[in-house]
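To keep things clear, I will list the structure first and then write my remarks on it.
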Amino acid sequence: MTIAADLPKIAYQTEKGHHHPLGAICDANGVNFSLFSEHATAVELLLFHKADDLEPFQVINLDPTINKSFHFWHVYVQGLQPGIHYAYRVDGPQDLSAGHRFDKQKVLIDPYAKGNTKSLWKRGDACLPGDNLTTSMRSVVIDTSEYNWEGDRPLNRPMSETIIYEMHVGGFTKSSTSGVNHPGTFAGIIEKIPYLKALGVTAVELLPIFDFDDKEPLRFVDGKPLINYWGYSTMGYFAPHCGFCVNPEAGKHVEEFRDLVKALHQAGIEVILDVVFNHTDEGNHQGPMFCFRGIDNSIYYYLVPGNKQYYYDYTGCGNTFNCNHPIAEKLIVESLEYWVKELHVDGFRFDEGSVLSRGQDGVPLQYPPVIWNIELSETLADTKIIAEAWDAAGLYQIGYFPGYRWAEWNGRYRDDLRRFIKGDPGVVGAVANRISGSADLYESHGHLPINSINFITVHDGFTLKDLVSYDDKHNEANGEGNRDGINDNLSWNCGVEGETTDPGIIELRDRQIKNFATLLLLSQGVPTILMGDEVARTQKGNNNAYCQDNEISWFDWNLVEKNRHLLRFWQLMMKFRQQHSTVHRPRFFTGATNDRQLADVSWHGCQLDQPGWEDPNARTLAFTLGGFDGEADLHVMCNMYWEELEFEIPVISGRQWYRSVDTAQPSPLDIAESGNETAIATKSYLVRGRSVVVLISK
């Protein structure tokens, strides 16, 4: 490929161009540029050879009588090559009462750019009116047609067989302990694929990898800058984040991300992207102008009627994207289809997905167009789609998010399992519902267990180690007086707040981690695991580490050896789940019995068939899963009381029970390799306090 920086600084000839597709599209003879703006009166295209050029080598004025079709501004530049950097200036009415914020001097990136660079970017200058040419971002012309996929395609693994690992691209390898050649990048993850494969996960869910601003400090604490680490403020919906690239200035964004997807697919691991369409990084009325605000503010955002200089903020981030306007909806759907068709992504998780159900007046719609167009898109037909079914304005749609095949982050699962395992009484009925795939939430709407994304911890909140080590959040490092982050974490510190050398408390915390792991991986639905939970990664009690691009958030690879006993437990539990389809059925339990007269599920307490649904003090739960087509039956006993209790075991004619898991046992006795389970000849089992036992029949 010819690099633009090597080309002579000539003026390129132009043609009328085409209004579709939007963005910068390469062919053999040049590049077509197209931009939508309904209210613009003039558009300039600026061309730069390099990302840090202070001046464009050519400015192309788009003639509205030639280079405009309805509201699409377009031009074809003859002979232009991939690697050229570009931006726009857009002029139009400056009438805040009508929601127009045009500034003909502001330099803007392309909403459809395949890559952006921030070599010169200064956020503060974008917040002020007037020229910011020397401190603006640049988009990059990228040719997506040339790449050797080697036969790769999305894996299309059934949702019921999926185990998701939520991770941050940078944080996974940024620590010096990772030992990779390119820490904090897409390439760094490639070097750690053997670890992911050995762990047993089937999909990685990447925290936002669409371009975001990780340059501008949010604030300083003890002289150290805090930045937007998580990435939940999108700048470019078609552009891989330049901070995760080894060489973004060369326009290799798409190629580097494709290399990661191809390598993960070769290992049998799917790629799910955490996407943020509910708001953009342009913030409130005082925020920066770098894209939508300057292109056509009144089209792309929810504005307050009667005073359209202000933004509706259903997201807690300053603005709300106008998701169900036809043009914004077009961008969202085309973005998703692009990532699937051109970059072979397997699925998406939608941050604050309930915003996508709101109409232009902010009221939730019965049939929100963008949600249904995503669901019914033929391009996305085999793509996993997952909603965070709530937003910051209080809309909570767990169990009734629009559409049929949308899976949902099941916050009810998280809360009920946390209460049960920390020892709260009287929640066994709710826990049984969660373990069963939350039929109480989904079945009546025609949904399936796979609509429930089960999790105990994710990026937002405590890690699993901190969940069993802290009663309270400790977010002082965020510089907000410990006011940020949720206060009610349903956590228990096992007797001491934070770090301890007490061996009894350390053992109890490890046991609680194993209890969570066991029930998560035995539950119907789709399990999601947070990066590092398998080796007890800690954030020192910080439950809102959105700004911590440092050791607080990074994966400490020394823990792989230090806590190898926990890693082994997680690995074998994931194998157990994959080997026993009984725990990931495609349909809800029906009461059907197998040839041994065992129901597909039956519930117990310490005594068989006495689960204690009405007992306000109940802290025990047991259940039997009947295996079909020759598969093993399972019997699970959960004792969240603090003393050991005797549990009855069902008798199965012609079969014997074998112990596969006992979380109270030390490693390696806590979980057996397949085929090495311990025979149980008695009719009962003494389950230690705060532990889980799993038996299989043979």
Dipole-positive endmost among SER37, CYS606, HIS49 within the chain (Cβ charges, Cα centre): CYS606
1/(1 + (r/R0)^6) with r = Cβ-Cβ of LEU128 and PHE220, R0 = 22 Å, i.e. FRET efficiency to nearest 0.05, evaluates to 0.55
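Assign unit charges at the C-beta atoms only (+1 for Lys and Arg, -1 for Asp and Glu), then state the dipole size of region 547-698 relative to its Cα centre in Debye, rounded to the nearest 20.
Values: 15 positive and 20 negative charges, 64 e Å.
That gives a dipole near 300 debye.
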Paired Rg and Dmax values of the chain, which use every Cα atom, in angstrom: 27.0, 88
Calculate the radius of gyration of the Cα atoms of region 408-539 to one decimal place, then report Dmax, the largest Cα-Cα distance, as a whole number, both in Å. 15.4, 50
Show me 654-666, 140-152 ranked by packing, highest mean number of other Cβ atoms within 10 Å first. 654-666, 140-152
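Students often check this: by mean Cβ neighbours within 10 Å, which of 102-115, 419-432 ranks highest, and how do the rest follow? Spell out each step's value before the answer.
Values: 102-115: 24.3, 419-432: 19.5.
Listed from highest to lowest mean packing, they are 102-115, 419-432.
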Report the full-extension gain for the segment ASP472 to GLU561: residue separation times 0.36 nm, less the Cα-Cα distance, to one decimal in nm. 29.2 nm
Please list, or write none, the aspartates and glutamates whose alpha carbon is within less than 20 Å of the alpha carbon of LYS308, excluding same-chain residues fewer than 8 places away. GLU38, ASP91, ASP95, ASP103, ASP281, GLU282, ASP296, ASP361
Region 159-261, dipole about Cα centre (Lys/Arg Cβ +1, Asp/Glu Cβ -1), debye to the nearest 20: 220 debye
Over 23 Å (Cα to Cα) among LYS197/LYS562; LYS118/LYS174; LYS16/LYS50 -> LYS16/LYS50
Using a basic spin-label model with each label point 7 Å from the Cα along Cα→Cβ, how many nm lie between HIS445 and HIS20? 3.2 nm
For the pair VAL59/TYR147, report the inter-label distance in nm, with labels modelled 7 Å from Cα in the Cβ direction. 3.5 nm
Relative to a virtual label point 7 Å from the Cα of ASN550 in the Cα→beta-carbon direction, which members of region 159-185 show backbone nitrogen distances below 15 Å? 175-176
What is the Cα centroid distance between region 490-533 and region 278-348, reported in whole angstrom? 38 Å
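Give the peptides 286-294, 491-499, 234-242 in descending order of average Cβ contacts within 10 Å, highest first.
Details: 286-294: 22.6, 491-499: 16.3, 234-242: 26.4.
Answer by packing, highest mean first, reads 234-242, 286-294, 491-499.
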Which of the lysines could be linked to LYS122 by a straight reach, that is with a Cα gap under 16 Å, when you skip same-chain ones fewer than 8 residues away? LYS106, LYS215
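Laboratory data are not the source of any read-out in this text; all were calculated from the coordinates shown. Being a predicted model, the structure only gives us computed values, none of them experimental. With ideal geometry, Cβ positions are generated from the backbone for all residues, glycine too; neighbour counts draw on all protein chains shown.
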